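Here is the structure we will look at, set down as structure tokens.
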Amino acid sequence: MSLLCLADFKAQAQKQLSKTSWDFIEGEADDGITYSDNLAAFRRIRLRPRYLRDVSKIDTRTTIQGQEINAPICISPTAFHSIAWADGEKSTAKAAQKANICYVISSYASYTVEDIVAAAPGGLHWFQLYVQPDWDINKQMVQRIEALGFKALVVTVDAPVLGNRRGNKRSLLDLEANIKLKDLRSPGESKSGLPTPLSMPSSSSCWNDLPLLQSMTRLPIILKGILTKEDAELAVKHNIRGIIVSNHGGRQLDEVPASIDALREVVAAVNGKIEVYMDGGVRTGNDVLKALALGARCIFLGRPIIWGLACKGEDGVKEVLDILKEELHTCMALSGCRSVAEISPDLIQFSRL
């Protein structure tokens with residue numbers, strides 16, 4: 001069967017994965033209101049195309065934190081890619097490298113950062129850090145990713161505790177008991193076969209901790225999970241270099257705004273002082289253009305990457321990225337945009353539906 005869009009990959013992935021694996025990947029918090037609204041919110045936005053423009057050449061390239069990428073479509077940090085494909089994050093990294101886009105590697109990866117980077121040594125990698133209660137562990141992790149050539153540190157802020165994911169509970173999936181934090185041990189320990197000690201993110205992490213983290217690294221720090229203007233303003237005040245507007249795919253606190261709705265508030269609050277990105281609900285190239293029109297520098301994909309991985313491994317991830325890029329290319333041409341820089345707020349309007 002031909003897989004022509006991200007929805008096709010989702011349907012095929014669900015057929016191939018066990019119910020427990022699927023519930024983990026798709027799991028939403030509580031009633032799934034935010035999970036559903038992430039998708040529905042994009043449908044409330046309409047496009048306002050401009051015609052009689054020369055769109056014979058379309059350029060989807062842009063930059064994030066000074067690094068050029070081939071399209072404003074990157075990969076969010078998601079856990080345990082080996083659930084979907086044996087080579088897990090190594091395959092994901094290879095696909096991202098071929099697409100020349102950024103891959104944010106999760107703290108909860110199936111492989112060590114050393115293994116993942118070795119699989120795609122020329123890729124653009126950021127690392128997602130869940131701040132640990134033990135600051136020696138945080139420092140050691142930062143030193144390792146700097147030595148491996150990572151270009152940014154992404155701190156996830158919206159998970160001081162795990163969200164109430166009912167589907168996981170019904171599947172008897174105990175996330176805490178199954179977390180294997182290979183990256184919070186030394187490379188030698190990770191290969192020793194010894195059991196991994198349980199280590200959950202710190203629930204006491206706060207704004208006052210950021211200067212300590214900044215003192216440990218030369219890398220730009222990006223905060224993932226910001227949804228309000230108040231927190232966006234604090235991020236600027238604390239010299240943060242970027243924000244990923246995100247509600248964790250509707251997996252943490254339910255009934256918060258859809259990411260695309262929160263994006264407007266955050267973009268207005270930072271007023272161009274730092275770069276803003278978003279993830280949550282992007283399923284088509286039209287969605288990408290809408291996010292960029294509202295001020296996102298690029299979007300990040302979570303679940304669709306796992307769908308691609310489950311279907312075809314590295315090739316599936318690359319196909320998902322290529323489909324979305326081609327859809328964006330078409331949407332830009334049909335909207336009168338020759339480059340990402342020409343995508344502006346006047347290209348969209350909000351439907352009353």
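Please determine, by comparing only the residues of the stretch 249-260 that are at pLDDT 95 or above and not in a loop (DSSP other than H, G, I, E, B), which one is nearest to the chain's Cα centre (by Cα). Applying the filter and picking the extreme gives 259.
A count restricted to the stretch 17-41 and to residues that are without any contact (Cβ under 8 Å) to a residue 40 or more places away in the chain and exposed (fewer than 15 other Cβ atoms within 10 Å of the Cβ) stands at 1.
Rundown of residues vs (1) touching a residue at least 40 places away in the same chain (Cβ under 8 Å); (2) open to solvent by less than 10 Å² (accessible area, probe 1.4 Å); (3) among the hydroxyl-bearing types (Ser, Thr, Tyr); (4) on the phi > 0 side of the Ramachandran plot, yes/no style:
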site	(1), (2), (3), (4)
255	yes, no, no, yes
281	yes, yes, no, yes
288	yes, yes, no, no
295	yes, no, no, yes
308	yes, yes, no, no
329	yes, no, no, no
334	yes, no, no, no
338	yes, no, no, no
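Residue count for the stretch 202-215 under the criterion of being open to solvent by less than 40 Å² (accessible area, probe 1.4 Å) and assigned to a loop (DSSP other than H, G, I, E, B): the result is 1.
Once the stretch 1-12 is narrowed to residues that are aliphatic (A, V, I, L, M) and under 16 Å from residue 301 (Cα atoms), the residue that is surrounded by the fewest Cβ atoms within 10 Å (Cβ to Cβ) is 7. Taking residue 192 as the residue in question, decide whether it is open to solvent by less than 50 Å² (accessible area, probe 1.4 Å) and either farther than 28 Å from residue 247 by Cα or at pLDDT below 90 (or both). No: the conditions fail for residue 192.
Restricting attention to the stretch 61-93, and to residues there that are under 14 Å from residue 322 (Cα atoms) and open to solvent by 10 Å² or more (accessible area, probe 1.4 Å), which single residue is nearest to the chain's Cα centre (by Cα)?
70
Restricting the stretch 118-149 to residues that are under 20 Å from the mean Cα position of the chain (by Cα) and among the β-branched types (Val, Ile, Thr), the residue that is nearest to residue 244 (Cα to Cα) is 131. Per the conditions (1) loosely packed, with under 14 Cβ neighbours inside 10 Å; (2) in contact with a strand residue (DSSP E or B) (Cβ under 8 Å, 6 or more places away or on another chain); (3) basic (Lys, Arg), the sole criterion not satisfied by residue 44 is (1). Checked against the criterion of being polar (S, T, N, Q), over 17 Å from residue 102 (Cβ atoms) and open to solvent by 10 Å² or more (accessible area, probe 1.4 Å), the stretch 240-249 contains not a single residue that satisfies it. From the list 131, 155, 161, 113, the lone residue that is under 24 Å from residue 249 (Cα atoms) and surrounded by fewer than 17 Cβ atoms within 10 Å (Cβ to Cβ) is 161. Taking strands (runs of 3 or more DSSP E) that fall entirely within the stretch 44-132, which contain at least 2 residues that are over 18 Å from residue 313 (Cα atoms)? Passing ranges, in order: 45-47, 62-64, 67-69, 124-129.
The values are calculated or read from the model by the stated rules, or taken from the named source; none is laboratory data. Keep in mind that this is a model prediction, so the values were computed, not measured. Methodologically, a virtual Cβ is constructed for each residue, glycine included, from the backbone with ideal geometry; neighbour enumeration extends over all protein chains shown. With ligands, DNA and RNA removed, areas are computed over all heavy atoms of the protein, side chains included. Shrake-Rupley method; radii C 1.70, N 1.55, O 1.52, S 1.80 Å.
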